[in-house]
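As structure tokens, the structure follows; a few thoughts come after it.
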């Protein structure tokens, strides 16, 4: 019995690999979407597989001709769904299809920024090797390095710095990676950033410096001493 496109999409969402494989063998278009008169997004079957992390289904769809670079009505691609859902194996599979890595979500975030925020160091490195913009910013001025530092992902931050990330880029609020790390009392991240030339002198829009932010952290004494040893002044 032939199923509708909507039923096929539902089988993908449920992770019913057997049903998906059967319908593809019966001639189902692998690029069908869930678009209806009431919706405008139009997510493809591959986008749903990427969201749910169903790697085997994604492989089936691509093998039958699914367009890994297709975008929906909001310009989301399967890659963006995979990175936002934090499915590393799925992200790597989609990257294997040589897709556009410069897509952005509504917040202006690129796949590199999202992987940095999630601490996916190996994928961040791969994206950079593929040509991702290390210095791109989102709509509030955050870089991939800032997002990695904000979440405390030390190894990811180091990888970005090793590839040439600028430690002193401030976002629209004037916050630098060092300032944010100081506010969190993250001594390891602060040390890394200082070693890489982070400047402790800038002030954010509220007049705070890395040192004043450190004094309000839960490691106020240690964080402040670290900055004072680096040359910061009261």
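The values are calculated or read from the model by the stated rules, or taken from the named source; none is laboratory data. Just so it is clear, the model here is predicted, and its values are computed rather than measured. Because the Cβ atoms are built from the backbone with ideal geometry, glycine has one as well, and the counts that use them run over all protein chains shown.
Details
Every residue, every condition in (1) surrounded by 21 or more Cβ atoms within 10 Å (Cβ to Cβ); (2) out of contact with any strand residue (DSSP E or B) (no Cβ under 9 Å at 6 or more places or on another chain), yes or no:
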{"position": "75", "(1), (2)": "no, yes"}
{"position": "80", "(1), (2)": "yes, no"}
{"position": "85", "(1), (2)": "no, yes"}
{"position": "92", "(1), (2)": "no, yes"}
{"position": "112", "(1), (2)": "yes, yes"}
{"position": "115", "(1), (2)": "yes, yes"}
{"position": "119", "(1), (2)": "no, yes"}
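- Spans of helices (runs of 4 or more DSSP H) in the range 1-117 with at least 1 residues under 27 Å from residue 153 (Cβ atoms) and out of contact with any helix residue (DSSP H, G or I) (no Cβ under 9 Å at 6 or more places or on another chain): none
- Flag if residue 152 is crowded, with 16+ Cβ neighbours inside 10 Å and within 16 Å of the chain's Cα centre (by Cα): no
- Residue 181 at pLDDT 95 or above, surrounded by fewer than 20 Cβ atoms within 10 Å (Cβ to Cβ) and in contact with a helix residue (DSSP H, G or I) (Cβ under 8 Å, 6 or more places away or on another chain): no
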